[in-house]
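Read-outs throughout are calculated quantities, based only on the coordinates presented, and are distinct from any laboratory measurement. Since this is a predicted model, take the numbers as computed values, not measurements. A quick note on method: Cβ atoms are made from the backbone with ideal geometry, for glycine too, and the neighbour counts reach across all protein chains shown.
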Amino acid sequence: MKRGILLGAALFLAVAAGAQERSWEYWKNADGYLSDQAEVLLDYVDATLQAYPPSAKPGEARRLAFTALDAVLHETRYDDSPQFHAFLDKRLGRVAEALEGPVKRGVTVYKLYNDGFVVRTPKLTVGFDFCGNRKGVKVVPDALLRRLVNACDVLFISHRHQDHADPLVVRMAGEAGIPVYGPADFKCEGFQVIHTDPARDTVVATKRGSVGVLALPGHQRALLNNIYVVTLPGGKTVAHFGDQDLEADKAWLFEAPALLRKRLDIMIINGWNPELDAIVRSFNPRVVLSGHENEMFHGIDHREALWLTQYKFDTLAFPMPAYTLVWGERFRY
């Protein structure tokens, strides 16, 4: 209770400091009111998420932050708004700063925009599905995007959709000498194809040595969607499922865990996956992390909500811990 009171006081002071610069006069200015309200609300969300980091059993404050963020981001007026960009830039800027600092031990996973993730160990940093723009809108500023790309030793692309495969990211990686791997139907210069049919173990080059990868031949509808299982230095494994959703893949997908040399450590999977329960239980990871909520350029009925991901995790009651993550958050394994 005391922690909550102190947090509330700190948030009030932070918002009040900004309020001194405003007139707070909104007569015949509905747009101004809604914009200022979104800014204040997103500041509260950001501070609350920092005070209550990812948990397999989040409390009311964190759940309320999920719902408040969803409420703002499910309104199309904020798709390319200063409020949205300020919130995202601030949170991804913290990730870039952390990645530019030292790391001594363990595995840390950072969540970026859409289905982008960074997995970091002292000897290797792996990136999945980085993207900086969508439908002509710059979502992540180039300078910030370059910092995130340059922090990695290798990048993987699950499938060719532009919210997962960004040619600018491929070019930035090439300029920094960072290999990029992806599916055969992604038409872009500068990346290397990983063939997944049939599923196979392979070793790929990185900026610092090599890494073992099991590539599984998934699909989003008819599109190739590579599912990557990466074995990190030290033996921990992480799987990124991209936008896997093809019903026909069930015939082999639920048998795929037999290909693993050891139990999967970390599974990164979209909360909207139509076979979420079956896939998680089949692969039996030690930890589940959520991906791809609140893609801003989908219709509001197709922006997966954080509160809904958390509701699914609560209801499905997996035997392993499952974490709902927000852009800019990290999970240490």
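Points to keep in mind about this one:
- As a proxy for reagent exposure, ranking PHE297, PHE191, PHE130 by other Cβ atoms within 10 Å from fewest up yields PHE297, PHE191, PHE130.
- Ranked ARG281, ARG263, criterion: other C-beta atoms within 10 Å, fewest first: ARG263, ARG281
- Over all other residues within a Cβ to Cβ distance under 11 Å of HIS164, the charged ones net out to -4, with Lys and Arg as +1 and Asp and Glu as -1.
- For ARG261 and GLU175, the difference between the fully extended length at 0.36 nm per residue and the C-alpha to C-alpha distance is 27.5 nm.
- Neighbour net charge for ILE266 - beta-carbon separation under 9 angstrom, K R +1, D E -1: +1
- 21 Å Cα-Cα threshold exceeded, pairs from LYS90/LYS138; LYS28/LYS90; LYS123/LYS236: LYS28/LYS90
- Under 23 Å of direct C-alpha separation, and excluding same-chain neighbours fewer than eight residues apart, LYS57 reaches these lysines: LYS2, LYS111, LYS312.
- Listed from fewest to most Cβ neighbours within 10 Å, the set VAL137, VAL287, VAL40 follows the order VAL137, VAL40, VAL287.
- Dipole in debye (nearest 20) - region 106-332, about Cα centre, beta carbon charges: Lys, Arg +1; Asp, Glu -1: 880
- Cβ-derived FRET efficiency at R0 45 Å, ALA251 paired with GLN50, nearest 0.05: 0.55
- Between amide H atoms placed 1.01 Å from N, distances below 5 Å from ARG134 occur with VAL139, all of them 5 or more places distant or on a separate chain.
- Inter-site label distance for ASP201 and ASP314 at 7 Å from Cα along Cβ, in nm: 4.2
- Our estimate of slack between ASN284 and ALA71, defined as 0.36 nm per intervening residue step minus the Cα-Cα distance, is 73.4 nm.
- Where labels lie 7 Å past Cα in the beta-carbon direction, separation of ILE300 and ARG221 in nm: 2.4
- Within straight-line cross-link reach of LYS250, aspartates and glutamates at Cα separation under 18 Å, skipping those fewer than 8 residues along the same chain: ASP197, GLU275, ASP277
- Region 324-333 - phi-based ³J(HN,Hα) in whole Hz, Karplus 6.51/-1.76/1.60, Gly and Pro as x: 8, 10, 10, 3, x, 8, 10, 10, 9, 9
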